[in-house]
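The values are calculated or read from the model by the stated rules, or taken from the named source; none is laboratory data. Just so it is clear, the structure is predicted and the values come from calculations on it, not from any experiment. Only protein heavy atoms, including side chains, enter the accessible area calculation; ligands, DNA and RNA are left aside. Shrake-Rupley method; radii C 1.70, N 1.55, O 1.52, S 1.80 Å.
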Amino acid sequence: KATAELREVHKTQNFDRIDQAIKAVEEAWSAASQAIYQSTQSGNGETAGSSATTDAGAQDVEFEEVKN
């Protein structure tokens, strides 16, 4: 909803309204980020980044160096 509002306000070229709409987007993003973080914390007791760091070294990728 906040991003749709920002798109509409952008058309008006009213900088005060644009600033207000940007703040609304930032607040919505902050609330969503916090909710995501809290849901990962309550899910299985791991921190949000622990599974990413654990899995990071688990992949082996083959590559071939190509010289021009």
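The heavy atoms of Asp60 present about 150 square angstrom of accessible area, all protein chains included, probe 1.4 Å.
Here the Karplus relation 6.51 cos²θ - 1.76 cosθ + 1.60, evaluated at θ = phi - 60°, turns the backbone of the range 25-39 into coupling constants of 5, 4, 5, 5, 5, 4, 5, 5, 4, 5, 5, 5, 4, 5, 5 Hz, with x for every Gly and Pro. With the whole protein complex present, Glu64 retains an accessible surface near 150 Å², based on a 1.4 Å probe.
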